[in-house]
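Read-outs: derived from the displayed coordinates by stated rules, not from any lab. Since the model is a prediction, treat every value here as computed from it, not as a measurement. Please note: Cβ atoms are built from the backbone with ideal geometry, for glycine as well, and neighbour counts cover all protein chains shown.
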Amino acid sequence: MTAEYPLKPVVEGLYIVGSRPVLYSAADDVFVVADVHLGYEEAMASQGVFLPRLQLRKALKVLSEARAIVGARGVIVNGDIKHAFEKLLKQERVEVEEFIVKLQEMGFKEVIFVRGNHDNYVGYVIRKLGVTVVEDHLDLSNGIRVTHGHLDLEPKGDVVVIGHEHPAIHLNIGGSKIKLPVLLLIPTTFSTQILVIPALGVYQTGNIVTLDRGRFLSPMVRRYGVVEKAKPIIVDESLGVIALPELESVLSF
């Protein structure tokens with residue numbers, strides 16, 4: 001790494017890349033992203049809601065920009081590469097294949113996929129493109145574990161990186177309430193910290209974080225997270241990366 005790389009440290013060995021929802025593990029030379037939700041537009045169209053097809057284009061743009069900042073060897077997709085639960089939609093299959101091929105064409109030497117709760121029926125599509133598929137968790141260097149967050153697992157290691165939550169926060173700025181994606185660093189009742197990364201999907205604008213632990217999606221956060229002491233970090237391409245006080249202070253205003 002050199003000084004010109006805009007890498008924002010979160011915990012030892014993990015960095016936010018250029019105010020984008022991308023983590024970089026320096027020791028492993030890999031990016032970690034989550035919640036791409038390819039095929040979302042087709043799923044919404046089936047319900048009568050028609051959206052521009054932006055998910056794939058935006059995800060590739062973000063990862064291309066991140067790779068221009070630091071040329072990571074590989075990328076880990078930490079769950080929910082697709083959207084529909086009950087089937088593999090046509091758009092999902094086409095876009096998942098294109099997503100993987102484009103990542104390989106960008107120069108990523110390894111693509112690893114950690115299964116999420118939306119990822120039914122997609123494993124064989126990914127495997128045939130040479131992607132490593134991990135069913136529950138992946139252990140990186142320096143006590144970092146990567147898992148999507150939907151499984152009821154006990155926190156292990158120094159830091160557990162999850163997605164699943166799509167965390168966001170409401171802030172009052174200039175008399176207006178705005179919604180911003182955040183990365184959330186949550187201490188636990190163990191020595192482990194849970195690091196929740198924002199969704200990569202452009203339409204997954206985020207679930208508002210709360211002090212009510214029972215309202216979080218991840219069983220790991222609900223059972224072990226000390227959410228009032230969680231530290232939110234705004235990750236926004238326009239505003240940049242902004243560390244906020246602990247959640248109990250931010251939400252008391």
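Side notes on the structure shown:
- Estimated 222 nm signal from helices in the chain, with DSSP H stretches of n ≥ 4 weighted -39500 (n - 2.57), rounded to 500: -6000 deg cm²/dmol
- Placing +1 on the Cβ of every Lys and Arg and -1 on the Cβ of every Asp and Glu, with no other charges, gives the stretch 183-253 a dipole of roughly 320 debye about its Cα centre.
- Rg/Rh for the stretch 1-72 stands at 1.12; both radii use Cα atoms, and Rh follows the Kirkwood definition.
- The alpha-carbon of LYS90 sits under 15 angstrom from the alpha-carbons of these aspartates and glutamates, leaving out residues fewer than 8 places away in its chain: GLU41, GLU42, GLU98, ASP119.
- Whole-percent pair-distance distribution, where bins are 5 Å wide, for the alpha carbons of the stretch 7-250: 1, 7, 15, 19, 21, 17, 12, 6, 2, 0, 0
- Ordering of 112-118, 43-49, 30-36, 211-217 by packing is 30-36, 112-118, 211-217, 43-49, highest average first (other Cβ atoms within 10 Å, averaged per residue).
- ASP139-MET106 FRET efficiency (beta carbon distance; Förster radius 30 Å; 0.05 resolution): 0.75
- Dipole-positive endmost among GLY214, PHE31, VAL101 within the stretch 7-250 (Cβ charges, Cα centre): VAL101
- Normalised contact order of the chain, rounded percent, pairs of Cα under 8 Å and 6 or more residues apart: 17
- Only Lys, Arg (+1) and Asp, Glu (-1) charged, at Cβ; the chain dipole about Cα centre in debye: 340
- Modelled FRET efficiency - R0 30 Å, ARG222 with TYR121, Cβ distances, 0.05 increments: 0.65
- Cross-link reach list, lysines versus LYS8, counting only Cα pairs under 25 Å and skipping chain neighbours closer than eight places: LYS58, LYS61, LYS109, LYS156, LYS179, LYS229, LYS231
- Cα gyration tensor, the stretch 52-157 - rounded (a/c under 1.5), prolate or oblate: oblate
- FRET efficiency estimate (nearest 0.05) - Cβ-Cβ, GLU237 to VAL49, R0 30 angstrom: 0.75
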